[in-house]
Amino acid sequence: MAAFTIEEILQATGGALLQRGRIDRCEGVSTDTRTLAEGALFIPLIGENFNGHRFLRSAAEKGAAAVLVSEKEAAGGLPESVTVIAVKDTLKALEGLARFHRLRFDIPVVAVTGSNGKTTTKDMITAVLKTTYHVCHTLKNFNNEIGLSQTLLALSAEDDVCVTEMGMRGLGQIAELCRTACPTVGVVTNVGTSHIGILGSRENIAKAKGELIEALPDTGAAVLNGDDDFVRAMGKEFAGRLLYYGREDGWDAVAEDIHFYPDATAFTCCVPDARRAVRLSMIGIHNVYDALAAAAVGRFLDVPMDRICDALSSFSPQGASQKIEHIEGATVLNDSYNANPLSMDMAFRAFGQLPGRRHILVLGDMLELGRYAEALHRETGRKAAAHHFDEMITVGPMARLMAEAAQAEGMLRVSSFDSCREAAAYLKTIVREGDAVLIKGSHAMHLETIPDFWRGVVK
């Protein structure tokens, strides 16, 4: 638990003292009064649909030792026992406190970014490092300014290393996250077309992701997907340790002898000083790349190769990403957590590993593609047809374009619907025992509801 004196809070946030309370030291930092502990610092964040300043009185009643405010008038009437500090921006103040606390620890901080695979790679790295170290790490995919700050504020004296995930909505955001985290090891998984509607090109996406490598110290390490041209180029100007991973000979972590199974992917993990077998309980070549990134980080931080490969072989993904389930005799690859053109392509490749009497796609719109949306949905439809899947069901107006493109390329059976409920009702009528079904779309399309509609759990 991060603790700060009032003077440290003022120093870290650049704030101004409005009221001095009774307690000189805050034990813990909270942005949510529902989990606020007595004696903690409360930071009221402001979003599109909420304003934490409404809960200042509640924070005081729950025993907050101090509060930050960017709206000074909201602090009127707070008890004299509570310290009140004014700041320009409460989110920036949270980041400042997180940076201040992070710099108390002279430990490696690993940061992971990329268009796809960030969370799985982060979780694999965490699993590998936990075989040797005590690890503080990002929970779930909490990879924005708030989530990163909360991760850093969780650092304690027993931690040997910290593993963070960094998301990106535009140029400059990863640079800002790096100013908070001060990473020493940077991992970039790939550069795809997610957020192309915001940034306009893969070149700009690469520039945004590359901010992580630019922020690393010369004593740090960049762990890069050598098989991705955009990612590989990020190492050209880096003065620190460069580690490339991929399938090409000569990289620092290489996958050889790859074999695909219905419920697993096996390969030989090769690093300069060792070769070991790995059997991932996951399907798809993209997961092999994530495992190689974890192996490269593990070796850089002196984790023995046996421990690395044991950790990868026993790794189980968290959350809703790529779950295999069985419904009415059909094998369902539920990858409804999110989608973009690159992750769709990866999902198609993984889906091909599953045995099935027929292979049926259930696909939803891919969001945040801007003016490229129509072209990229049609391209995805053509890629689906190239895999010779048996049928495609789509949900949403843009996914309908996938169906049109797939049909134009020769896919005979396509159906489009406006809602998940309608798609599930149709799916229930056509699926037979022994079929394989892939469900994938952007999170906002809520394709995760389709299995429940299909089972009849939700009416």
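The values are calculated or read from the model by the stated rules, or taken from the named source; none is laboratory data. Predicted model, so just to flag it, every value in this text is computed and none were measured. Cβ coordinates were reconstructed from backbone atoms using ideal geometry, including for glycine residues, and neighbour counts include every protein chain displayed. Keep in mind that these areas ignore ligands, DNA and RNA; they rest on the heavy atoms of the full protein, side chains included. Shrake-Rupley method; radii C 1.70, N 1.55, O 1.52, S 1.80 Å.
With a 1.4 Å probe and all protein chains left in place, how much of the accessible area of the stretch 372-459 comes from carbon and sulfur atoms, in whole percent?
The value for the stretch 372-459 is 53 percent carbon and sulfur by accessible area.
To the nearest 10, the accessible area of residue 201 is 30 Å² with a 1.4 Å probe.
Charging the Cβ of each Asp and Glu at -1 and of each Lys and Arg at +1, and nothing else, the dipole of the chain about its Cα centre rounds to 580 debye. Beyond 21 Å, the tail of the calculated P(r) for the stretch 177-252 holds 26 percent of the Cα pairs. Kindly list the residues of the stretch 41-72 that lie in the label zone of residue 22, defined by a backbone N under 16 Å from the point 7 Å along the Cα-to-C-beta vector. In the stretch 41-72, the label zone of residue 22 (backbone N under 16 Å from the point 7 Å along Cα→Cβ) covers 60-67. Computed from backbone phi, the HN-Hα couplings of the stretch 18-23 come to 9, 8, 9, x, 7, 9 Hz, rounded to whole numbers (Karplus: 6.51 cos²θ - 1.76 cosθ + 1.60, θ = phi - 60°; Gly and Pro given as x). Surface calculation, 1.4 Å probe, protein heavy atoms: residue 443 sits at approximately 90 Å² accessible.
Of 229, 345, the residue with the largest accessible area leads and the full order is 229, 345 (1.4 Å probe). Computed with a 1.4 Å probe over protein heavy atoms only, the accessible surface of the stretch 280-411 comes to 38 Å² per residue.
Within the full protein context, the accessible area of residue 260 is estimated at about 100 Å² for a probe radius of 1.4 Å.
Taking a threshold of 32 Å on the Cα-Cα distance, which of the pairs 72/122; 92/122; 122/236; 62/323; 118/236 fall above it? Could the numbers behind the result be given before it?
On the way: 72/122 39 Å; 92/122 25 Å; 122/236 24 Å; 62/323 40 Å; 118/236 22 Å.
With Cα atoms farther than 32 Å apart: 72/122; 62/323.
Against the criterion of solvent-accessible heavy-atom surface with a 1.4 angstrom probe, 326, 286 sort, most first, into 326, 286.
Here the stretch 388-459 yields Rg over Rh of 0.95, to two decimals, using C-alpha coordinates and the Kirkwood radius. Of the solvent-accessible surface of the stretch 1-145, computed with a 1.4 Å probe and all protein chains present, 48% belongs to carbon and sulfur.
For the chain, the Kirkwood hydrodynamic radius from C-alpha pairs, put into Stokes-Einstein at 37 °C and a viscosity of 0.692 mPa s, yields a diffusion coefficient of 138 µm² per second.
The modelled label-to-label distance between residue 139 and residue 51, using points 7 Å beyond Cα along the C-beta direction, is 2.8 nm. Helix content alone sets the calculated 222 nm mean residue ellipticity of the chain: runs of n ≥ 4 DSSP H residues at -39500 (n - 2.57) each, divided across all residues, give -9500 deg cm²/dmol.
When the inverse distances between all different Cα atoms of the stretch 194-345 are averaged and flipped, the Kirkwood radius reads 17.0 angstrom.
Residues whose amide H lies under 5 Å from that of residue 165, counting only those 5 or more places away or on a different chain, are 112, 138; hydrogens are built 1.01 Å from N in the peptide plane.
Keeping all protein chains in place, calculate the accessible area per residue for the stretch 73-204 (probe 1.4 angstrom), answer in Å². Walk me through the intermediate numbers first.
On the way: 4560 Å² over 132 residues.
Per residue, the stretch 73-204 has an accessible area of 35 Å².
When the charge dipole of the chain is built from unit charges on Cβ atoms (+1 for Lys and Arg, -1 for Asp and Glu) and taken about the Cα centre, the candidate among 268, 196, 425 whose Cα reaches farthest toward its positive end is 425.
Helix 399-408 versus the longest principal axis of the chain: what angle, 0 to 90°, nearest 10, using Cα atoms? Approximately 20 degrees, to the nearest ten.
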